[in-house]
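The next block holds one structure in the form of structure tokens; read it before the comments.
All of the numbers you see were taken from the coordinates with simple rules; none came from a lab. Predicted model, so just to flag it, every value in this text is computed and none were measured. All Cβ positions, glycine included, derive from the backbone under ideal geometry; neighbour counts span all protein chains shown.
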Amino acid sequence: MHMASAITLLCLLLTVPFGFIIFTAYTNKLSKRSAQARRTIIKSLGVPTTSNPQFIGFFHPYCNAGGGGERVLWTAIAATQRAHPDCISLIYTGDVDVTKEQIIAQVKARFDISLDPKSLHFVFLKKRRLVEDAAWPRFTLLGQSLGSMILAWEALGQVIPDLFIDSMGYAFTFHVVAWITRGSIPVGAYVHYPTISTDMLARVKARKVGHTNRGDVAGSLILSRGKMWYYRFLMYHYSLALSRPSFVMANSSWTKNHVDAILSHSDPVMSTLHFLNPLLALRLFATTFKSKKLHIESTSKKREAKIVYPPCDTREMAQFPLDERERIILSIAQFRPEKDHPAQLRAFAQLLADHSTYTSGSSSVKLFLLGGARNADDHARVQSLRDLAEELKITPHVQFIVNASYPEMLGWLAMASIGLSTMVDEHFGINVVEFMAAGVIPVTHASGGPLHDIVVPLDGEATGFHARDPQSFANAMHTVLSMSESEQQAMRTRARTWAVSAFAEERFVEGWEAAWKGWV
């Protein structure tokens, strides 16, 4: 046994230095290739070669999706272009089916954000399928995390920036950046939603059915225990990845609290496994390339995230009249599983079942679901929602509007009476802020950003409603529909006042600039 251990240790000591030599040669080759790519980009953009511009890389594989996360991305880039015109913004994206010009036009149409093409370059990635749900039917979170590392490798294999910012939540990419650059460039993160959270662990431990915990798993003691070990493994390694950035921004107090807990997370069992062969070589390799500046910072003070609320362009919405609204319940959310559109349909069906007068005549109520569909899976999800509406017998009262333009969305916000959001633990909720700024009374799930940051009292009075299940959602919507005109007007005014003052785009730009300035 002792001889076997000695041989294993000897192999390890010989293998690690040899691996470093090979990998160093490989990264040197990538660095030379990147330098040539940067010169080509500078020339294509018409930037003077003597200016030596800094490259800021934004890792955002779905930059053309048109959701709240994309508003964050493009507002940040537009602000960077204004404040630092000498910097070039690189967008690492998997939107290979569109051109640079088409993406810029889409950003203008969807968000009314103007971008300067002369300091903007897209790095198109062909392996984006590796971060999609469909690629990993089992162990999805782990698969997507590993897929993001491969995607980051493809990204930096084309061009290496001077600052790397992940703006979609792919924390495992930070390892790849550190390895390829040998810790020579800073990385930053804007976290919309943690990949895994303590809430998810608690849900599995309690064997509670939810979006991240299927019924068959929750119903089995063996499967639940297995999933708990899987989540512990993922949480431990997510904590290691999230400790790499030089700065971390969180989009809400809910997200910040979870990120801070993750940054201070420890698991003695998982930590011990790191020191068992053959994982020791991987640990040595992973911790070798780490920024000295980051190491000094992390050992001198506790790491924690900074809250930077997402940008909400409330200026135009705040001009909408608050009276004479139509009896429209409006949902604005991408057609993704976590948005829980089925819950909206069931809540609306419950409302109509409780109050039959809402199905016809002057008291009739309609539900409009506006949302972006990124791919075939999202379009299939829309069809399943149509099928559910048919099953619930509410099809005549429901309308789906897929990939609406920004002006079209504004039109619906100007007409609607109620804004509906059913996502559990919504990290922030730009759509909810838009409801409030536009004078649409929000009815949201009692969790996450909408509960703690957005739909909060102003001067002791309500700015909207919270609910947890179809019946309570139906009751809240009925309360709004039953209000007098003056009561509705007063609540709309309070909601707008709070949204405009707390979540204006200017607040985001200030926070964004303060977070990353000085790292390039």
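In deg cm²/dmol and to the nearest 500, what is the mean residue ellipticity at 222 nm of the chain if only DSSP H runs of at least 4 residues count, each as -39500 (n - 2.57), divided by the residue total?
Theoretical 222 nm ellipticity from helices: -16000 deg cm²/dmol.
Here the 3J(HN,Hα) profile of region 172-179, calculated from phi with Karplus coefficients 6.51, -1.76 and 1.60 at θ = phi - 60°, is 5, 5, 5, 4, 5, 4, 5, 5 Hz, Gly and Pro shown as x. Angle check, please: helix 140-158 long axis (alpha carbons) against the longest principal axis of the chain (alpha carbons), in degrees 0 to 90, nearest 10. Roughly 60 degrees between the two axes.
Were the residues from TYR26 through ARG129 laid out at 0.36 nm apart, the gain over their Cα-Cα distance would be 34.5 nm. Each of the peptides 320-330, 52-62 was scored by the mean count of other Cβ atoms within 10 Å over its residues; in descending order, highest first, they stand as 52-62, 320-330. The fewest-to-most ranking of VAL433, VAL259, VAL269 by surrounding Cβ atoms within 10 Å reads VAL269, VAL259, VAL433. Subtracting the Cα-Cα distance of SER253 and SER266 from 0.36 nm times their residue separation leaves 2.5 nm of extension gain.
Order of HIS452, HIS397 from fewest to most other C-beta atoms within 10 Å? Display every interim value, and only then the final one.
Working: HIS452 15, HIS397 20.
Ordered by Cβ neighbours within 10 Å, fewest first: HIS452, HIS397.
Sequence-ordered 3J(HN,Hα) estimates for region 426-436 from the Karplus curve with 6.51, -1.76 and 1.60 and θ = phi - 60° stand at 4, 4, 9, x, 4, 4, 5, 4, 5, 3, 5 Hz, glycine and proline given as x.
Within 10 Å of each residue's Cβ, count the other Cβ atoms and sort ASP453, ASP116 from fewest upward. Walk me through the intermediate numbers first.
Working: ASP453 22, ASP116 14.
The order, fewest Cβ neighbours first, is ASP116, ASP453.
Proximity of backbone amide H atoms, modeled 1.01 Å from N, is registered between ILE88 and GLN54, PHE55, ILE56 at under 5 Å, excluding neighbours fewer than 5 places apart on the same chain. Pairs exceeding 23 Å between alpha-carbon atoms, taken from LYS100/LYS306; LYS366/LYS393; LYS29/LYS517; LYS256/LYS339; LYS339/LYS366; LYS32/LYS517: LYS100/LYS306; LYS29/LYS517; LYS32/LYS517. Near the amide H of ILE307, within less than 5 Å, lie the amide hydrogens of ALA250, all on another chain or at least 5 residues away, with H placed in the peptide plane.
Could you work out how far apart the two model spin labels at GLU324 and GLU506 are, taking each label as a point 7 Å from the Cα in the direction of the beta carbon, and quote it in nm? According to this spin-label approximation, the distance is 3.1 nm.
Add +1 for every Lys or Arg and -1 for every Asp or Glu among the other residues with Cβ under 10 Å from the Cβ of ASP340, and state the total. Show your work: numbers first, answer last.
Numbers: positive: ARG336, LYS339, ARG346; negative: GLU338, GLU426.
Charge balance near ASP340 sits at +1.
Think of the chain as having a plus end and a minus end, set by charges on the Cβ of Lys, Arg, Asp and Glu; of ALA414, LEU156, ILE401, LEU156 sits farthest toward the positive end of this dipole. Annotation: region 317-503 has a Kirkwood hydrodynamic radius of 16.3 angstrom, from the mean reciprocal C-alpha pair distance.
How much length is gained if the chain between GLN471 and ALA376 is pulled fully straight, taking 0.36 nm per residue apart and subtracting their Cα-Cα distance, in nm to one decimal? Walk me through the numbers before you get to the answer.
Numbers: separation 95, 0.36 × 95 = 34.20 nm, distance 3.21 nm.
Taking 0.36 nm per residue and subtracting the Cα distance, the gain is 31.0 nm.
Which value, in debye to the nearest 20, gives the size of the charge dipole of the chain about its Cα centre, when Lys and Arg are +1 and Asp and Glu are -1 at the Cβ?
Working: 53 positive and 45 negative charges, 461 e Å.
With only Lys, Arg, Asp and Glu charged at Cβ, the dipole is about 2220 debye.
Derived scalar couplings between HN and Hα for region 393-408 equal 6, 10, 3, x, 10, 10, 9, 9, 10, 9, 6, 5, 6, 4, x, 5 Hz in order, rounded to whole Hz, by the Karplus curve 6.51 cos²θ - 1.76 cosθ + 1.60 (θ = phi - 60°), x for Gly and Pro.
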